[in-house]
Each structure stands twice: as C-alpha cells, then as structure tokens.
Amino acid sequence: MPAPLARAWKPALIAGIVVVYVSAVGLIEQFAEVYAIGTQVSLARVLLLLPLFLAGWVATRTTVERGERKVLAMPQAALSGAVTGLVGGAMVSIVLLAVDAIDPDTIGEVLIAVSTKLLGIVSFDQSLGTGIVLWLVLGAVVGALGGVVRALSPGARRVVLAGPLTIGVLAILQRVVSTAIKELGFRPDFLYDSKTSGLTWAGGIAAAVIVTLAVVGRDVLRSRPEAAAAPAARPAAASTGLGGFTTRQLVQGAVAIIAVLALPWVIGTALSGTVGTVMIFILLGLGLNIVVGFAGLLDLGYVAFFAFGAYATALLTGAQVNTTDGAGDPAFSLGLNFYVAIPIVVLLAAGVGLLVGSPVLRLRGDYLAIVTLGLGEVVSTLVTSKWAEGLVGGPQGMRDITGGDIGPTDFQNNPRHFYYLALVFVLLALYTSWRLQYSRVGRAWNAMREDEQVADAMGISTTRYKLLAFATGGAIGSLGGALLAIQLGSLTPRSFDVNVSILALAVVILGGLGSLRGVMVGSLALVGLPGFLREFEEFRPLALGAVIIAIMLLRPQGILPNVRVTEDIADEDRDQDAWARAAAGQPATETSAVEPA
Amino acid sequence: MMAGKGADAEERKPVLELRQVNTHYGLVAVLRDVDMAIYPGEMVCLLGGNASGKSTTLKTILGYVTPSSGEVVFDGEVISGKSTTEIVRRGVSMVPENRRLFGDMTVEENLLLGAYTRTDKAAVEQDRQMVLDTFPVVGERLKQKAGTLSGGQQQMVAMGRALMANPKVLLMDEPSMGLAPILVDQVFEIIKTIRSLGRTVFVVEQNANMALSIADRGYVIQTGRVVLADTAANLLANPMMREAYLGEL
Ligand SMILES: Nc1ncnc2c1ncn2[C@@H]1O[C@H](COP(=O)(O)OP(=O)(O)OP(=O)(O)O)[C@@H](O)[C@H]1O
Ligand SMILES: [Mg+2]
C-alpha cells in the first residue's frame, strides 16, 4: 500500500463512521438550521466536515520508523491529509448511495432520524450526484487542511487555528455571548444575525481577526529570549507557594477572579441558572473524583449521596412533605438554620460513606461497580417508596425547603444569587480536593489505585483509605444535594435516579480521572453545553455514549488528564528505544512487563 | 556479620523465625511444617523450583496470607495473624516479585511511599540520601515516571523503596527475574552492597549459584517442605544440590 493510503484508511474509516453516526441519530438534522456564520455554514455542516479535518490531522502524525522520527514535509502532509479526507468522503458517499438505493424513508422506520430530508441535508442541499462530488472534493480539501495544520510549527498552528476556533466558540455560545452583550447594554446585531442567530460574516471575521492578532501579539512578546523555555514551565500548574508569584500570574489571577465574580451579571439570569446546575455537578464530580479518580474505586451508586444531601438538608431545615391533600409535617424534622444544618449534613454523609464503604471493602473492580449500582438503586427506591412517604414524601416528594437566605439574598428565585452560594461550596470542595491530592493521603490513594497489594506492603492501610475515600467523596456529594434542595425549594425522587450516577461518572471520566480542572470542564461540557445550546439537549445521552466510547478508545486519560510532573521522554522516543532494543537483539520483556497501561 | 557467619549468628536470637508453619490456599497445602530462622545481619537465601512455595513463604511472613497452623515470630513477638500494615510497621519490608513499582508515579514518589509508615522526617531524609548514594542512577531519575525506567533501573528503585522503610528484615522475591544476564550480575552486586550496609536480608532466588555465592546460609524447599538447610558453602558442595539446582551432573 502506498504510504499516504496506509496511514489514511484507519482515521478515514473512523471519521466516516462518526459522520454516519451523527447523521443517523438526528444530530445533523437538529443542527441543520443552526447557523455558525452566514447562511452557508450551519453547525450541521461543520459537524459533517469536522471529522474529516480531524482524520487528516491524525493521519499526518509523526511516526517512528526504523528508529527515526518521520516528520512529514508540507506537501506530503497535504497529500496525506487529502487522501484521508478523500477516503472518508468516499465512505460517506457510499453510505449515501446505499441509503438512496434502499430508500431513506424505509430505513427511517428502523432508524427514525433517517429520512429523505436528512439525505438532502447530508448532500449539502444538492442533488445526490452533486452531493457526492462535494463530499469527495470537500473531503479532500478539508482533510488536506487538517494535514497542513498538523505539519505547521506549534506557533504557526496556534495562529492559524485561533480565528476558526474563535468563530466556533462564538457560534456555539451564541446564547451566552449575545445575552452578555445585551446585559452590558449593547445590541448584539453587529455580531449575530438576528434572523438566523448565527454570526454575521462581518462580525465573525472581525472577531477572528482580533483574536488572531492578539495571539500573534502575545507570541511576539513571548519570543524574547527568557521566554523561550516557557513551554517547559506549565503555567501555574505546579506552583504551590503563597508568595513568589510573578506579576503575570498575579494579573492573570486577578482577571480570573473578576471574571468568576462578574459572570452571572454578564450572562443573564437564565444562563446563571444553568451555571448553577453546572456547579452542582461540579460538586458531584469532585466528590466522585475522590472515590473513582483518586482512590480508584468504581462507584456507580453515587447518586445515593446526592439524594442523602438533599433530603437531609430538607429534613434538618424543616421542610414539608407533599401529600395528596396539600402538605404536611414530615415524621422527623428540625427547624435548623441552613448554615447550621450543612455541617451536620456533611458529617452524616461521611458516616453514610463509611456505611456504604464497609460492606464493599473487599470487592474489586467490576464487583464493586455492580454492588454500588445496587446500593444506589436501593436509595432511589427507598425515597420513592410508600413506606418513606411520611418522612420524605415518597413519590410526591417534599416542598417548602428553606432558601438559606442571608439578609437580602434570594437563592431560590434569583439564579444570580444562587450562583454565589454555589461558588462558595465549589471553592470549598475544590480546595479540599486539591489539598488532599498532594498530601500523604493523596499519595496513599494513588498507590492503592495502582497496586493495592504493594500499597499494603508499603504499610498503607488500604481498608482505612478506602473508607476515607468513600467518606470524603460522600461528604462532597452531599453538598451538591444540599445545593439542589436550596435551588429548587422542592424535591422529587425523580431527580435521584441512576442517570445522576452515570452523568457524574461521565463528568469525571470525560475530564480525566483524578483531574480537578477536568471535572470542571467535564461538567461544563455535559451539563452546561445542553443549557447553552438548546438543540443539544435531547442528544445528551447519545453524545454521552459516543463521547465516552471515543474517549476510552482514543484518550483513556481524559481530556485534561491529571498531569503529574514527570521527566520521562515522549512516547515517540520510547517507541524508538523499543525499536533500538529490538534491533540490538535484547529481549523486550524487560520493559514490556512494566509498561504502564 | 561478615566472616564467622553461622556459628557467630546462632548464639544470638533470630530476628525472624517460622515455627512449624503450614499455609493453605483453600484446601491446598502449599507450605508444610516449615521451620526457618534468620539472625540479625545475616543474608539467607531460599531456593527451590517453580511452584515450590517460595513466594508463599514471603507472603506468609508479610501477612498476605495467614498460616493455618504454626507461627511467624518477628523480633520476639508473634506476627502471624496480624495485618500486613502492622507487620510492615514493625520493620519487615519486601521487594516484590517483578518489582511492581507504582508505574505512574515518579521515582521520588515511589521512594517516599517506601517510607510511608515512618514519621521521623530527619531519619527518612538520611535514608533517602543513603539510597541515592547507593544507587546513583536512581538519583538521576527522581522525576521520571517509574514505569518508564528500564528493568535494571526499576529493580534498583524497588530495592531503594524497600530500604526507605529502614527495615529490620528485607525480603526479596526473585530480584534477578526477567533481567538480562549482565543485569543479573548487577543486581547481585547491589544485594552485596545492601548486605555490606549490615542489613538482614532474606532472598528468594531461582538462580541458586549466584544466590549461594553471596549468602551466608540457605534453605531449599520442595513442594512446600524444607528439604535442606545449611551454610551456603556446604550447599554449594552438596552433591544433591549440584544435581538438582546448580545445573551440574
Ligand atoms: N492465591 C493463590 N491461590 C491458590 N493457589 C496459589 C495462590 N498463590 C499461589 N498458589 C499456588 O501455590 C503454589 C506455590 O506458589 P508460589 O508462588 O509460592 O511458588 P514459587 O515457589 O514462588 O514459584 P515461582 O518460582 O514460580 O515464583 C503454586 O502451586 C501456586 O499455584
Ligand atoms: Mg514466586
């Protein structure tokens, strides 16, 4: 096989499958009339062509052959990308032809999203013949672009990508950005077309140019001698000291703080509500991250802590249960102030963590997952049951939960106020997680996750640390539940089904097990995005599935993995080492037995 | 602790002793009436064929498995039945079979984990320095992920990690396993170095020749029973040994 084709087929195949998948599940049709920019570029079209761009990018990766790193020169990169895009485009074309031959509406009886209309959309609103020609041509062009961008130097790549990424982000966050512009007292018409809700060409290009210039400017400033070594020093990741911040870091910190504090006033009330929910899931994610990410205990019943936090808060602060004829006092309730109740809820949740943890201590991996899944279900069933009606309202749930207000605040009705309350909780949980991560305890968890038996041999009491993980994880998760109770003012058991466990786990895994930043990004993507981009909402479960499968296959460490500062050489160099050893006739067993998974 | 070996050592009390130990995995007896004694400052090796129960002996000492009868005595106290954590805390540490470093952690973190049970910061720092002096290669790679080290380097880190516990007895399970011949020599050099630091070492080996050349005494175990126990020199000269384990006819 000629070299470009040999590299092309795999990424092209995956890209083709992704295109067919997003079309077949209805994502494309949903986004057909959501415009990114002008009326030519809909998000659907971006979504259709992006996989081919990425395929071209992947196909152009540097490879190690016979101990030498092969960096592709620009023309070869373009060629390899183009071939990949072409193959991908051809694959899509074949599927289009097949669907057309069988009749889309017949297929639609099985895959409801498939229809003549969808076929038209995927053919770029042209006849099938023209559509196929377009797929081949655009595929090759887009793939070649992917290849070329990959072959650029990192600096040049940043500059080239800055504009398109800006347009992409502005298009996806249209609701957020246009609300923000309105909140600031301007009209968003210069940026967004009020009819299509997409970017205007003038506005989009202007924004792209400005950002590109900013990137260029920054790179020029940085390219002074002392900054040359900058890539090695990861920004702020490792600095733990209190003093010793550079001016730059101080400025960045100040900007970040102001941005976080001003956010609800910029994005408007409705979106502040969404962000509030995102923060509840950040709490769940942070808690679960301790159990799964730090300690390596796969817990599928995490919703139990969420439910416990919510109901315990309701009961301790004196809410009402819903009954068939109005509301009534629950079998047990205290009229505590919310801020008195919270520490009690957290402590009790930690206790529940110990309780849940002790019976499953001896279980590993899959068994642990199944048993915790069962325990989670037990909790959901309990709060829904008739039996619990007197205490937590059973299927009817609870209401009249305190707003936890201090002075003039109105957490229940004003999402902006709620944002600040949630922020405090999130910061607390973040700080706790961060401290734990780099402490003795964190190191013990790490060791336990990697090799329980050897951890034992280091004198680490794995039983104690497992319990500790369940307790801290549970405590943080209960904070999320408490916030939910405050936010809604009422509870129904439907909010506590197994989906919460799965979504929380997805948040943790998507962001990268063990990574705190990852939890925030994961929450924003899985919980925030559907709020910002309404069309996405009904596809969340599908997207979840696809994203998780893709991540597990392509990037098992998550989007933002928990970066540990190590000085080992890049994988490519290691491949080269392996090759050199093999060439020298040494057994490969020496390292293969210990290669990290 | 150097010359004189056996005779000298026997007058003292053993630091580690197995008394009539039987260990079962389920219904299967793996160790049968095992008696062993290791004296302070000694280097003792445990030889035997595959599946003869060598690793099980170490696991029994470290409390991974509890003997079904008999007892393990460490420092004058019975430790069989206690948790691994507790046994490690009292001063037993192990270089596990296949090294088993924490591959995703740095070399430095691996070393620190070795000293996990210790609270005496200054002494730990001293031992760290000692480990780095003994294995200069380890010092050069403190920030590297342990999983990316070569097999020989990993073995040094594994030994360093075990030494960081400042153990009274150091157990090693087949330290030469899976290493190229040159590295095997290197590993035995390292064990000699550790020995010259005055450590008590109990090492399981398949490489009987090498092990006996550096040990004071040795036990030979067959299907869970101790069949020979003698000084290293005598074992090396023993005709039965020569036939069965030393690869001669
Ligand atoms: N966890 C276990 N459960 C059941 N049987 C076990 C277990 N561990 C070891 N065994 C069995 O006990 C016997 C002795 O095993 P052990 O690991 O002690 O052998 P060994 O002498 O260390 O062998 P090798 O030189 O191959 O490492 C073997 O037959 C083995 O199959
Ligand atoms: Mg063994």
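Some observations on this one:
- Normalised by the number of residues in segment A:263-561, the average gap of Cα pairs under 8 Å and 6 or more apart makes the relative contact order 34 percent.
- Relative to the Cα centre, the charge distribution of chain B, modelled as +1 at Lys and Arg Cβ and -1 at Asp and Glu Cβ, gives a dipole magnitude of about 420 debye.
- Residues whose amide H lies under 5 Å from that of residue A:123, counting only those 5 or more places away or on a different chain, are absent; hydrogens are built 1.01 Å from N in the peptide plane.
- Computed on segment A:1-159, with alpha-carbon pairs under 8 angstrom and 6+ residues apart, the relative contact order is 32 percent.
- Virtual spin-label span in nm between residue A:216 and residue A:161, 7 Å along Cα→Cβ: 1.9 nm
- Added length on full extension, which subtracts the Cα-Cα distance from 0.36 nm per residue, residue A:332 to residue A:152: 58.2 nm
- All other residues whose Cβ lies under 12 angstrom from that of residue B:72 are scored, Lys and Arg at +1 and Asp and Glu at -1, for a net of -1.
- Solvent-accessible area of residue A:377 with every protein chain in place, 1.4 Å probe, in Å² to the nearest 10: 80 Å²
- For residue B:59, solvent-accessible area (1.4 Å; no DNA, RNA or ligand), Å²: 70 Å²
- Sorted peptide list for B:229-240, A:269-280, criterion being average Cβ within 10 angstrom, highest first: A:269-280, B:229-240
- With a 10 Å cut-off around each Cβ of B:81-89, the average count of Cβ atoms from other chains is 4.
- Local net charge near residue A:360, Cβ-Cβ under 11 Å (Lys/Arg +1, Asp/Glu -1): +2
- Fraction of antiparallel bridges per DSSP, the protein assembly as shown only, in percent to nearest 5: 65 percent
- Electrostatic dipole magnitude of the protein assembly as shown [Cβ: Lys, Arg +1; Asp, Glu -1; Cα centre; debye, to 20]: 1400 debye
- This model, with +1 at the C-beta of Lys and Arg and -1 at the C-beta of Asp and Glu, gives segment A:396-487 a dipole about its Cα centre of some 160 debye.
- In the complete set of protein chains, residue-level accessible area for residue B:116 is approximately 10 Å², probe 1.4 angstrom.
- Relative contact order of chain A, pairs being alpha-carbon contacts under 8 Å that are 6 or more residues apart, as %: 16 percent
- Cβ-based charge dipole, chain A, positive-most Cα from A:108, A:76, A:87: A:76
- Ranked order, B:142, B:171 - accessible area, probe 1.4 Å, largest first: B:142, B:171
- Computed helical MRE - 222 nm, the protein assembly as shown, DSSP H runs ≥ 4 contributing -39500 (n - 2.57), nearest 500: -18500 deg cm²/dmol
The values are calculated or read from the model by the stated rules, or taken from the named source; none is laboratory data. Bear in mind that the values here come from a model prediction, so they are computed numbers and not experimental data. Neighbour counts run over all protein chains shown; Cβ positions are idealised from the backbone, glycine included. In case anyone asks, the SASA skips ligands and DNA or RNA and just uses the protein heavy atoms, side chains included. Shrake-Rupley method; radii C 1.70, N 1.55, O 1.52, S 1.80 Å.
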